[in-house]
1. Expressed as a whole number of Å, what is the distance separating the alpha-carbon centroids of the range 645-661 and the range 38-91?
2. Just subtract the alpha-carbon distance of residue 557 and residue 29 from 0.36 nm times their residue separation and send over the number in nm, one decimal.
3. Run down the lysines and flag those whose C-alpha is under 28 Å from the C-alpha of residue 353, throwing out any fewer than 8 positions away in its chain.
4. Of 89, 527, 259, which is farthest on the positive side of the dipole of the chain, counting Cα position, with +1 on Lys and Arg Cβ, -1 on Asp and Glu Cβ, and the Cα centre as origin?
5. For residue 237, give me every one of the lysines with a C-alpha distance below 16 angstrom, ignoring sequence neighbours fewer than eight places off in its own chain.
6. Run the quick spin-label model on residue 254 and residue 525: label points 7 Å from Cα toward the beta carbon, then report their separation in nm to one decimal.
7. If you take the charge dipole of the chain about its Cα centre, with +1 on Lys and Arg Cβ and -1 on Asp and Glu Cβ, which of 356, 333, 40 is farthest toward its positive end?
8. Could you tell me which of 382, 393, 403 has its Cα farthest along the dipole of the range 375-427 towards the positive end, charges placed at Cβ (Lys, Arg +1; Asp, Glu -1), taken about the Cα centre?
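Each reported figure results from applying straightforward, stated rules to the coordinates on display, with no laboratory input. Keep in mind that this is a model prediction, so the values were computed, not measured. FYI the Cβ positions are ideal-geometry reconstructions off the backbone, even for glycines, and counts take in every protein chain you see.
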Amino acid sequence: MNISKPAIDNKVTVYILMALIIIVGIQSYNSIPKESAPSITLPFIFVTTPYIGVSPQDMENLVTQEIEKEVKGIKDVKKITSISQESFSFVNIEFTPDVNIDDALQKVRDKVAVAKTKMPQDIEEPVVSEINLSEQPMLYVNLSGNFGLATLKDIADNLSDDVEAIPGVLAADVKGGLEREVKINVDAHRLKYYGLSFDDIIGKIGLENRSIPGGSVDIGNQNYLIRVPGEFDDPAKISDIVVKSEMGQPIYVRDVAQVIYGYKERTTMSRENGREAVTLVIKKRSGENIIRISDEIKSLIKSKESQIPKGLTISYTGDESKSIKNTVHELENGIITGFLLVCIILLASMGLKNAFLVATSIPFSFLISFIVLNALGITMNIVVLFGLILVLGIIVDDAIVVVENIYRLQESEGYNPHDAAIEGPREVQVPVTIATFTIISSFAPLLFFPGIVGEFMKYLPITLIICLFSSLFVALVINPVLASQFIDFKKDRDKLEKKNKWYNFITRFHLWFDNLFARVVKAYEKTIRFCLRHRKLTILGTVAFLILVFFLYGKFNNGVEFFPSVEPRQAYINLNMPVGTNLDKSNEVSKVIEEKLPAFKDIEFFLTNVGSEIGEGFGSDASNKSTITLSFYDKVDRSKSSFETIEDIREAVSGITTADLRIIKQQGGPSYRTSCKY
């Protein structure tokens, strides 16, 4: 069967198909979500259980073991590890990589609910959670200025509501600031004097602070619902609540307690470059476009500049979209550069028209691939882009064979353009297809690579396979149609006789390259003849060279690592104080580190979050945890490597012995950490 003949007989249909590929392909590329790394599911589920004031041994016996007994019977559980410490139990359940994480999560929740019935009654509710790399913070919006933390918190709360309304935003959590709270300070001696208890105060205030449905009433032809509003709109009114009456004398809340409209006890603190700030920690939903979300957030904030008080400083840190834009831009430049180099080689070896037709297979193959990738829900990430660069020089192979054979039939066999465009692909379609499948078969085993690494790397063979099938389609359908229209050996020969300057220049360049290539082939032929005359020497030399390579690699190799270490744009200083440390003490230690950071001139800014662990970890809020996020200047603006700066910071903070201190560089791929402990 000649696949190309129906295409050539229906050229208009193919031209319409090409137009659709261009339009839909560009639209697909623009709509594909851009990410730094593929969205993969890690088969880990965590069960965290707080039980305040309980020793590690009791946590092990009363909580951890009960959970382990229940969850170990779940199908597909690979390994269970646990940590029991004062007031806290942590159980890590690892499943096999092929498990359905949603089903596993539900099963763990069911088993933990059973285990809770065997635990003490006053224990807090266990929290069952999973790891979702795509839901890690993508952007931090920092608000600072001389407005007071309460005002900054109000501005951040209002901004948070608007940000969360943007499609694709999962959450915009507010860290730092002061939150309003009504405090009722009860005098225990007065309670005893009046014969009251705390429950009397709590119950009475709860009964008064509620809205009560009052039924309905008919007025004319209409029926109206009645609601009796009773929630307090002024905290001062709480003082006038009657708690109890004795001998006709009312006892008010103000008689036994003091009502204060103050601020809630702080659980987190935030500072930017040592200045008090409030931070919005923004997370996106899985599979959403980080670049689009980040741009919309910045546009939203810019549109509200007229409503924001003057003197308020808004800055952005941890902007994942910036690194993704840089990565995508660099890889796109690599693709464009590779495309131009391929075109130059084709121009030199095949002539202008042939080179142009072969070169069209690159954009058309990529556009078809973008359509398929978008339909499969695959994001544009560093692995996919690397696959596009890797396949760049391969996708022209099929087109080279097809176009060159069409040209040969016109030049040597005297075929006309139409017949050559039909016969040329027919002669080579089988070897071209086999060659394509041969390349695909070499990458296909990566689809079955096991574990988390396999989940991460599978996008490489998927991209390659899609691109190679696309190039085969272009070579057998689109290229023959274009060749029948544009390749005409007789006309080209007539143009050569008319001595067109531009055409002659291209021709002379082509002939010069042919002469150069002929000399290379001649030198290669001499080498082959020498090797065939001295076979034993050639074999011995090859074996000796192989041994030399092994020796040199064993002597000078730099070891093996899973993912290359690149200069990080950010780093994180995580402080873990002893469990039970209050926020003020954690803040005090954080300030000691902050005082050392301005000496490092390559740090653009640093953001401190006390009472919260964020950044590269999976994070949690606790008074004994803090994170200082370091953001370095762009590489061209640094005085030295950020690796060296991190080591200098490590030495500068080495004297701090009151905390478990870890310096973590920004990830360059799957989870990678460098840490130190003092």
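1. 31
2. 186.1 nm
3. 5, 11, 490, 491, 495, 498, 499, 501, 522
4. Value computed over the given set: 527.
5. Within reach: 183, 204.
6. Simple spin-label model gives 11.2 nm for this pair.
7. It is 356.
8. Checking the options against the dipole of the range 375-427, the answer is 382.
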